[in-house]
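The values are calculated or read from the model by the stated rules, or taken from the named source; none is laboratory data. From a predicted model like this one, the values you see are computed outputs, not experimental measurements. Note that each Cβ is placed from the backbone with ideal geometry, even for glycine, and that neighbours are counted across all protein chains shown. In case anyone asks, the SASA skips ligands and DNA or RNA and just uses the protein heavy atoms, side chains included. Shrake-Rupley method; radii C 1.70, N 1.55, O 1.52, S 1.80 Å.
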Amino acid sequence: MQDKNICPEKLNYVLSKKFGADITAADYKTERLHGGTLGDVWLVAGDAICSDRTILPYKVVYKTQKKWQRYGDPLSWRREYDLYAALPDAAFTGGSLCRPKCYHAELDEGEVRLWIEFAEGVSGANLTPDMYERAARVLGRFQGMLYARGHDMLCGVTNLSAPDYMKNFYLNYRSWGEVYDCIRADSCPLPAHLREMLIECDEQSEAIFERLEKLPLVFCHRDFWVANIFCSRDEIMLIDWDTAGWGYPGEDIANLIADESDIEHMVENFSRCVPAYNGGFTEYSETPPVTEKSVYEMMLLKFGYRLVEWYKFADTDESREEAHRTLHKIYEIGRICSDTR
């Protein structure tokens with residue numbers, strides 16, 4: 001049974017673009033990959049028939065996104081459309097990082113509709129530490145290449161998230177009493193050393209941001225976590241670019257390590273990914289852009305209070321324990337950074 005109605009003429013047009021051939025007909029089945037109240041992502045798969053009667057199996061993704069207001073980033077809902085229109089594919093050559101090809105894009109009455117390449121490869125919980133390291137190196141190479149070229153390929157891109165996105169995100173979380181007061185209450189069930197780590201981050205946050213703001217700006221994905229990374233033999237494909245914009249070196253690596261990732265190997269992944277990221281970046285720029293301490297600090301700023309939220313409002317004991325374990329792994333990483341200063 002089909003769950004999504006697809007216009008046959010539009011599908012034929014998209015598949016003609018995909019295959020570079022005249023597609024006259026195609027059957028299809030649909031499967032929802034992700035969906036919510038304002039956005040839907042569907043896998044559309046079947047067989048396409050060329051004008052010469054050749055049959056071509058296919059998979060494509062149909063993604064829609066309605067207009068909505070993300071905190072501090074009101075134009076994120078249409079950013080992927082804008083990036084496909086303004087950021088050339090040449091930006092992704094030579095570094096083994098790629099985005100899905102776009103076969104057709106529409107913007108109409110506050111809704112974006114994209115027909116894009118189906119991402120294949122190892123992703124999510126199946127990523128190994130070797131794949132984490134490889135993704136970090138490829139990202140560093142990509143950001144280093146754009147930085148070395150003066151970000152000239154981004155000149156036509158006007159819809160990018162701002163450098164202070166992370167800072168505003170942190171300050172918004174810190175202003176929420178449910179989490180701010182939680183770690184300061186005697187009744188908080190989180191261990192004292194984790195609460196002290198978060199409170200110390202608050203106390204030093206102004207100095208931390210002063211240090212971060214001295215780093216060069218790079219083009220960040222800002223949602224660089226395991227569900228958006230697809231690792232194949234030849235490349236790393238990165239999906240969901242709707243939060244992309246100007247940020248700091250290592251900001252994406254903080255996401256990779258701490259955002260619902262491999263908790264068991266979190267410390268190992270950190271110790272491998274930061275040098276790998278710097279190594280990729282320095283293929284194009286002489287100076288390693290970020291220290292382990294800065295990535296640790298960004299992990300706290302981006303995920304500290306979010307993990308407290310997940311811990312406090314967890315639906316299951318398992319989810320609460322995952323948030324606790326992740327915070328403890330960040331604490332272990334902080335100890336390593338302190339020992340190596």
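Each residue, Arg320 and Lys4, gets one label point 7 Å from its Cα in the Cβ direction; the gap between the two is 3.7 nm.
Within the shell defined by Cβ-Cβ distances under 11 Å, the residues around Trp77 carry a net charge of 0, with Lys and Arg each +1 and Asp and Glu each -1. Taking 19 Å as the straight-line reach from the Cα of Lys293, the lysines in range (excluding those fewer than 8 positions away in the same chain) are Lys167, Lys214, Lys302, Lys329. Among the helices of the chain, those built from whole DSSP H runs whose Cα atoms reach 20 Å or more along their own axis and whose mean Kyte-Doolittle hydropathy is at least -0.5 are 129-148, 192-212, 266-281, 292-312. How much of the accessible area of the chain, in percent, comes from carbon and sulfur atoms when a 1.4 Å probe is used? Answer for the chain: carbon and sulfur cover 48 percent of the accessible area. For the set Lys302, Lys214, Lys329, Lys67, solvent exposure ranked by accessible area (probe 1.4 Å, protein chains only) runs largest to smallest as Lys214, Lys67, Lys329, Lys302. Within segment 1-102, the chymotrypsin sites (Phe, Trp or Tyr not before Pro) that combine a DSSP coil assignment with at most 16 other C-beta atoms in a 10 angstrom radius are Trp68, Tyr71. For segment 162-234, the Cβ-based charge dipole about the Cα centre amounts to some 300 debye (Lys, Arg positive; Asp, Glu negative; other atoms uncharged). The residues of the chain have, on average, 47 Å² of accessible surface per residue, using a 1.4 Å probe with all protein chains present. The modelled label-to-label distance for the pair Leu171/Gln69, using points 7 Å beyond Cα in the direction of Cβ, is 1.8 nm.
Mean-square fluctuations from a GNM of the chain, with a 10 angstrom spring cutoff on Cα atoms, peak among Glu203, Glu111, Glu178 at Glu203. Potential lengthening of the chain between Glu213 and Glu200 amounts to 2.7 nm, from the contour at 0.36 nm per residue minus the alpha-carbon distance.
Model label sites at Ser338 and Thr54, defined 7 Å from Cα along the beta-carbon direction, differ in position by 6.4 nm. Helical runs (DSSP H, four residues minimum) scored at -39500 (n - 2.57) apiece and divided by the length of the chain put the mean residue ellipticity at 222 nm at -13500 deg cm²/dmol. Counting only protein chain heavy atoms and rolling a 1.4 Å probe, the accessible areas of Lys66, Lys101 rank, largest first, as Lys101, Lys66. Estimated at 0.36 nm per residue, the fully extended path between Val267 and Glu120 surpasses their Cα-Cα distance by 50.2 nm. Remark: the Ala21-His34 segment gains 1.7 nm on full extension, using 0.36 nm per residue and subtracting the alpha carbon distance.
Restricting attention to segment 12-123, lysine pairs at least eight places apart or on different chains and with alpha-carbon atoms under 26 angstrom apart total 18.
Taken about its Cα centre, segment 228-268 carries a charge dipole of roughly 120 debye when the Cβ of each Lys and Arg holds +1 and the Cβ of each Asp and Glu holds -1.
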